[in-house]
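The values are calculated or read from the model by the stated rules, or taken from the named source; none is laboratory data. These numbers were taken from a predicted model, which means no experiment stands behind them. Cβ placement follows ideal geometry from the backbone for every residue including glycine, while neighbour counts extend to all protein chains displayed. With ligands, DNA and RNA removed, areas are computed over all heavy atoms of the protein, side chains included. Shrake-Rupley method; radii C 1.70, N 1.55, O 1.52, S 1.80 Å.
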Amino acid sequence: MESMLNVTNLSISFGGLRAVSGFNLDIKKGQLYGLIGPNGAGKTTVFNLLTGVYKPDEGIIKLDGKDITGGKTIDINKAGIARTFQNIRLFSQMSVLDNVKVGLHNHHHYNTIEGILRLPRYRKVEKEMDEQAMELLKVFELQDHADYLASNLPYGQQRKLEIARALATDPKLLLLDEPAAGMNPNETQELMDTIRFVRDKFDMTILLIEHDMKLVSGICEELTVLNFGKVLVQGVTSDVLNDPQVITAYLGE
């Protein structure tokens, strides 16, 4: 199976503190992969390195065989990486539909004059985006809320909307940063089903950070455990979760 994401010796320091050191990762196309570890282990820093928020001091990041190391966030997104955030980042005063359409603008274009004058090309592109956005909202059962302000959605639905917006950029790799944070058990189970569905429907490769062990063990095929910015254990989920190092470092036992 071909690699979708290959990371070699990724490292970064902040003020002399090594936040991530010698990080290696290989995720195959179509995998649902988990990145776990204690608070402060460096998980979100890894996401920020993968998406161009930070530039690594060392290391190579390849997406589908293409070197994207140190690229700008917008270029990395166009290359095929989309993400969500631990703290939801939606355009709260825009509609649910328009939030998804923001992601679609990566692949639909019209010039300023066409937009100002509402020329035929503008109307055609907007109609196409409306239709595609609604199709994505249906995946997350949000179509009936298309005209709501994003800020008026319940918390769990805001999480789903953020994933829908990320998918609108047509990524090869979807990064989910603690998607179940703040959810109750029923919402978490529903999210697990949704993530599996997204992987299968869109033939998506997914990497997620998560603290909910039930979610991780239920959907991730392989895991990497970080501790103090270094890889502690990598491998098949069942083996990793039973590793004594993981039990000590992550579960605090």
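What number goes with the only condition from (1) within 23 Å of L137 (Cβ to Cβ); (2) free of Cβ contacts under 8 Å to residues at least 24 places away in the same chain; (3) surrounded by 15 or more Cβ atoms within 10 Å (Cβ to Cβ) that V233 does not pass?
(1)
What number of residues in the range 174-197 are open to solvent by 40 Å² or more (accessible area, probe 1.4 Å) and either among the basic types (K, R) or in contact (Cβ under 8 Å) with a residue 40 or more places away in the chain (or both)?
2
Among residues belonging to the range 44-95 that are over 29 Å from M1 (Cβ atoms) and β-branched (V, I, T), point out the one that is most open to solvent (accessible area, probe 1.4 Å).
By that ranking, first place goes to I74.
Can you list the helices (runs of 4 or more DSSP H) found entirely within the range 99-196 that contain at least 2 residues being at pLDDT 85 or above and among the aliphatic types (A, V, I, L, M)?
Ranges flagged: 120-139, 155-167.
Condition (residue is touching a Lys or Arg at 6+ places or on another chain (Cβ under 8 Å), open to solvent by 10 Å² or more (accessible area, probe 1.4 Å), of a type in the set (G, A, S) and part of a strand (DSSP E or B)) applied to the range 17-29: is it met by at least one residue?
yes
Restricting the first residue to the range 198-224 and requiring it to be under 25 Å from D243 (Cα atoms) and part of a helix (DSSP H, G or I), which pairs with a second residue that is of a type in the set (D, E, K, R) and at pLDDT below 90 meet a Cβ separation below 7 Å and a spacing of at least six or different chains?
Pairs that qualify, where the first residue is under 25 Å from D243 (Cα atoms) and part of a helix (DSSP H, G or I) and the partner is of a type in the set (D, E, K, R) and at pLDDT below 90, are V216/E210.
Which residue pairs have Cβ atoms under 8 Å apart, sit 6 or more places apart or on different chains, and have a first residue in the range 42-71 that is without any contact (Cβ under 8 Å) to a residue 40 or more places away in the chain and a second that is hydroxyl-bearing (S, T, Y) and in a loop (DSSP other than H, G, I, E, B)?
Close Cβ pairs satisfying both conditions: N48/Y54.
Consider the range 202-221. How many of its residues are surrounded by fewer than 17 Cβ atoms within 10 Å (Cβ to Cβ) and modelled with pLDDT under 90?
Number of matching residues: 5.
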